[in-house]
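Undergrad: Quick one: the structure is below, questions incoming.
The values are calculated or read from the model by the stated rules, or taken from the named source; none is laboratory data. In this text, all values refer to a predicted model and were calculated from it rather than measured experimentally. Reconstructed Cβ throughout: ideal geometry from the backbone, glycine too, with neighbour counts over all protein chains shown. Quick note on the areas: whole protein, heavy atoms, side chains included, nothing else; ligands and nucleic acids left out. Shrake-Rupley method; radii C 1.70, N 1.55, O 1.52, S 1.80 Å.
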Amino acid sequence: MSRRASLLLEIAAGSLVSALAAQQGGADRVELCEALETGGTTPSYGTLALARDRLRIPLFVLIRPRPGDFLYDTLEAEVMLRDIETCVRLGCDGIVVGALDADGDIDEPLCRQLVAAAGPLPVTFHRAFDAVREPSAALERIVALGFSRLLTSGGRATAEEGSAAIAACVRQAQGRLEVMPGAGIDEDNIARVASRTLAREFHASAKVQRTSAMRAPSSALPGLSTRWSETDAARVRALRDALDALGAA
């Protein structure tokens, strides 16, 4: 079997509906979150429990108590630890998390606690990595802390723009953890990102705009937009097909 034959597609799903669309479209794994438009936060208990009941593919859960940066205080750390305990109890398949200190280095004490709380579950270090001060040193710390996967855009706005830096991470990792490109990946560029980075796992959201069915929506109140984004099964299928074509090449 060629290296390309085992390429994996993870979909960042911002709702239960999006998670089910990811599964329908042929995703290999879901990263479940909420508020994807702000980079994602921890999903609600109800969203998490129903996703666990209805998904047949692996379910990883983003643990992020708020939008913004990745410097967390003791209360936020406690929330994250409790949320991981919930994920373990519900039988989720993996955790996605990350934390930095005030100098832009990996917060090793907190990350060690978070990985320990996950127990046997694999843990992904998310795009907090793209805000670190020294990526090469940070990668070594992430490996040493026991993370099994790194999600990164190579420090750029999109994974395609950061392809060279992602490829450097893949070479440095030497199989000690998976380096997974993410940010701005779609059906049109996933083959280029794969070829440039030599990564084996890829992270995308496959979103489309949805419009409210309300006949008389209120436009006078802030925050009540009649449009939002959800994962689309057809776009997931297009991503899956693009990876399968690489596998067959």
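Here's the yes/no breakdown for (1) in contact with a Pro (Cβ under 9 Å, 6 or more places away or on another chain); (2) under 25 Å from ALA194 (Cα atoms); (3) open to solvent by 20 Å² or more (accessible area, probe 1.4 Å); (4) not in a helix (DSSP H, G or I):
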position: ALA12; (1), (2), (3), (4): no, yes, no, yes
position: SER18; (1), (2), (3), (4): no, yes, no, no
position: ALA22; (1), (2), (3), (4): no, yes, no, no
position: ALA27; (1), (2), (3), (4): no, yes, no, yes
position: GLU31; (1), (2), (3), (4): no, yes, no, yes
position: PRO43; (1), (2), (3), (4): no, no, no, yes
position: GLY46; (1), (2), (3), (4): no, no, yes, no
position: LEU50; (1), (2), (3), (4): no, no, yes, no
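Undergrad: How many residues, within the stretch 56-74, are farther than 18 Å from ALA117 by Cβ and either surrounded by 22 or more Cβ atoms within 10 Å (Cβ to Cβ) or touching a helix residue (DSSP H, G or I) at 6+ places or on another chain (Cβ under 6 Å) (or both)?
TA: Total meeting the criteria: 2.
Undergrad: Hey, another quick one. Report yes if SER15 is touching a residue at least 60 places away in the same chain (Cβ under 8 Å) and not aliphatic (A, V, I, L, M), otherwise no.
TA: Yes; evaluated as a whole, the condition is true for this residue.
Undergrad: Scan the stretch 153-166 and tell me whether some residue there is in a helix (DSSP H, G or I) and among the acidic types (Asp, Glu).
TA: So far as the stretch 153-166 goes, no, none of its residues is in a helix (DSSP H, G or I) and among the acidic types (Asp, Glu).
Undergrad: Here is a list of conditions, (1) open to solvent by less than 10 Å² (accessible area, probe 1.4 Å); (2) over 19 Å from HIS203 (Cβ atoms); (3) free of Cβ contacts under 8 Å to residues at least 40 places away in the same chain; (4) more than 16 Å from the chain's Cα centre (by Cα), and ALA138 meets all of them except one; can you say which number that is?
TA: (2)
Undergrad: Out of curiosity, is SER153 under 17 Å from the mean Cα position of the chain (by Cα) and modelled with pLDDT of 95 or more?
TA: So SER153 fits the description; yes.
Undergrad: Is there a residue being modelled with pLDDT of 95 or more, over 24 Å from PRO135 (Cα atoms) and open to solvent by 10 Å² or more (accessible area, probe 1.4 Å) anywhere in the stretch 91-106?
TA: Yes.
Undergrad: Only one of CYS87, CYS111 is under 22 Å from ARG133 (Cα atoms) and either in a helix (DSSP H, G or I) or of a type in the set (Lys, Arg) (or both); which?
TA: None of the others qualify; the one that does is CYS111.
Undergrad: Quick test of your reading of the structure: MET80 fulfils all but one of (1) buried (at least 18 other Cβ atoms within 10 Å of the Cβ); (2) under 20 Å from LEU177 (Cα atoms). Name the failing condition by number.
TA: In the conditions (1) buried (at least 18 other Cβ atoms within 10 Å of the Cβ); (2) under 20 Å from LEU177 (Cα atoms), MET80 misses (2) alone.
Undergrad: Could you identify the single residue in ARG127, ARG156 that is in contact (Cβ under 8 Å) with a residue 60 or more places away in the chain, over 21 Å from GLU85 (Cα atoms) and open to solvent by 40 Å² or more (accessible area, probe 1.4 Å)?
TA: That would be ARG127, the only listed residue that is in contact (Cβ under 8 Å) with a residue 60 or more places away in the chain, over 21 Å from GLU85 (Cα atoms) and open to solvent by 40 Å² or more (accessible area, probe 1.4 Å).
Undergrad: Here is a further query. Please identify the pairs in which a residue from the stretch 226-249 that is free of Cβ contacts under 8 Å to residues at least 60 places away in the same chain has its Cβ atom under 7 Å from the Cβ atom of a residue that is assigned to a helix (DSSP H, G or I) and not hydroxyl-bearing (Ser, Thr, Tyr), counting only partners at least 6 apart or on another chain.
TA: Qualifying pairs under 7 Å: ALA242/ILE190; ALA242/ALA191.
Undergrad: Same structure again: Scan the stretch 171-185 for residues that are free of Cβ contacts under 8 Å to residues at least 60 places away in the same chain and open to solvent by less than 40 Å² (accessible area, probe 1.4 Å) and report the count.
TA: Residues flagged as free of Cβ contacts under 8 Å to residues at least 60 places away in the same chain and open to solvent by less than 40 Å² (accessible area, probe 1.4 Å) within the stretch 171-185 amount to 7.
Undergrad: Suppose we keep only residues that are in a strand (DSSP E or B) and not aliphatic (A, V, I, L, M) within the stretch 186-211. Which one would you say is least open to solvent (accessible area, probe 1.4 Å)?
TA: PHE202
Undergrad: Cβ contacts < 7 Å: first residue among the small types (Gly, Ala, Ser), restricted to the stretch 20-31; second residue open to solvent by less than 10 Å² (accessible area, probe 1.4 Å) and assigned to a strand (DSSP E or B), any location; separation 6+ or different chain. Result?
TA: Correct list of pairs: ALA21/THR231; ALA22/ILE11; ALA22/ALA13; ALA22/VAL30; ALA22/THR231; ALA27/LEU9; ALA27/GLU10; ALA27/ILE11.
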